[in-house]
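The values are calculated or read from the model by the stated rules, or taken from the named source; none is laboratory data. A quick note: this is a predicted structure, and the numbers were derived from the prediction, not measured. Quick reminder, even Gly has a Cβ in these numbers, built from the backbone with ideal geometry, and neighbours come from all protein chains shown.
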Amino acid sequence: MKIGVIVLMTKDTDIEKKFAQVRDMGMDNCQLVCWDSLALNEGMAEKIRKAVLSQHVEITAFWCGWNGPKVWDFYDGPLTLGLVPAAYRGQRLETLLQGCDFAKLIGVKDVVTHAGFLPENPNDSQYGEVLASLRMLVEKCKENDQCFLFETGQETPVTLKRVLQDLGGEHVGINLDPANLLMYGKANPLDALDVFGEYVRGVHGKDGEYPTDGHHLGDEVPLGKGKVDFPRLIAKLKELGYDGSITIEREISGDEQIKDILEAKKLLEQLI
């Protein structure tokens with residue numbers, strides 16, 4: 001395993017500078033995260049390809065966001081997030097398809113997103129509708145020789161495995177965010193690996209707490225300060241044969257973010 005970090009990107013990002021910062025933190029790989037669909041163009045792709053070569057930074061996955069409202073809670077979340085809300089599904093599907101082609105332009109095989117609060121009941125009419133859109137995404141990834149990864153958190157491990165099985169094929173997988181599983185109250189990440197471990201192709205190094213009420217997510221906290229048992233998690237990933245990157249994610253900004261990322265790197269280096 002290796003250690004990487006999240007890099008956020010917009011159409012105005014100086015990607016050369018961002019990748020230089022990755023190297024300054026002692027890492028050589030990242031997941032590239034983009035919520036700005038205006039950045040998904042050949043001009044930005046060319047800048048990224050040049051920065052990859054000049055800074056010697058590998059992009060392990062492209063995390064593609066989508067347009068429209070997004071509320072990270074238990075009430076408005078199901079109404080606004082991912083491909084589940086019918087009002088935004090068509091537009092978001094187009095953005096994600098565009099994201100797959102952009103990832104191909106920059107030579108990245110894994111495309112990641114939050115699909116939304118996937119219905120736990122497979123007989124729910126929304127389940128089949130969302131699955132149809134997901135099949136289009138997976139087909140695009142197949143055409144591009146890519147893999148579509150579901151970021152964990154908004155659905156139970158059993159629900160996610162059912163979706164993966166119903167989609168079938170070799171072009172689907174999971175980006176395991178262990179903190180999200182806790183923060184959404186869906187599962188202990190160690191137990192989740194017993195359900196879907198064979199599908200894990202990416203991992204976020206992020207920590208968090210369980211929710212304390214029925215309205216709001218649990219808190220994200222510095223790695224090592226929350227409920228994720230990273231020693232056992234990494235040991236279990238090794239048992240499963242996972243040898244990819246642990247990509248550090250800290251959802252704050254400024255000097256404190258850099259400090260927490262470097263502390264997380266030290267902790268993960270000891271465990272790996």
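May I ask you to list pairs of residues, at least six apart or on different chains, whose Cβ atoms are under 7 Å apart, with the first in segment 69-97 being among the polar types (S, T, N, Q) and the second being buried (at least 16 other Cβ atoms within 10 Å of the Cβ) and assigned to a helix (DSSP H, G or I)?
95/37
Which pairs have Cβ atoms under 8 Å, sit 6 or more apart or on different chains, and link a residue in segment 215-226 that is closer than 19 Å to residue 74 by Cβ and touching a residue at least 40 places away in the same chain (Cβ under 8 Å) to one that is crowded, with 20+ Cβ neighbours inside 10 Å and among the aromatic types (Phe, Trp, Tyr)?
The qualifying pairs are 217/184.
Report yes if residue 265 is modelled with pLDDT of 95 or more, in contact with a strand residue (DSSP E or B) (Cβ under 7 Å, 6 or more places away or on another chain) and either of a type in the set (S, T, N, Q) or more than 20 Å from residue 153 (Cβ to Cβ) (or both), otherwise no. Spell out the reasoning first.
Numbers: modelled with pLDDT of 95 or more: yes; in contact with a strand residue (DSSP E or B) (Cβ under 7 Å, 6 or more places away or on another chain): yes; either of a type in the set (S, T, N, Q) or more than 20 Å from residue 153 (Cβ to Cβ) (or both): yes.
In short, yes.
Check every one of the helices (runs of 4 or more DSSP H) wholly within segment 161-272 and list those with 3 or more residues that are basic (Lys, Arg), farther than 29 Å from residue 140 by Cα and over 18 Å from the mean Cα position of the chain (by Cα). Steps first, please.
Values: elements: 178-183, 189-196, 230-239, 255-271.
Because the criterion is at least 3 residues that are basic (Lys, Arg), farther than 29 Å from residue 140 by Cα and over 18 Å from the mean Cα position of the chain (by Cα), the helices (runs of 4 or more DSSP H) in segment 161-272 that meet it are 230-239, 255-271.
Would you check which residues across segment 241-272 are among the hydrophobic types (A, V, I, L, M, F, W, C) and either under 21 Å from residue 57 (Cα atoms) or touching a Ser or Thr at 6+ places or on another chain (Cβ under 8 Å) (or both) and list them? Spell out how you get there, then give the answer.
To start, the set of residues in segment 241-272 that are among the hydrophobic types (A, V, I, L, M, F, W, C) comprises 246, 248, 252, 258, 261-262, 264, 267-268, 271-272.
Result: 246, 248, 258, 261, 262, 264, 268, 272.
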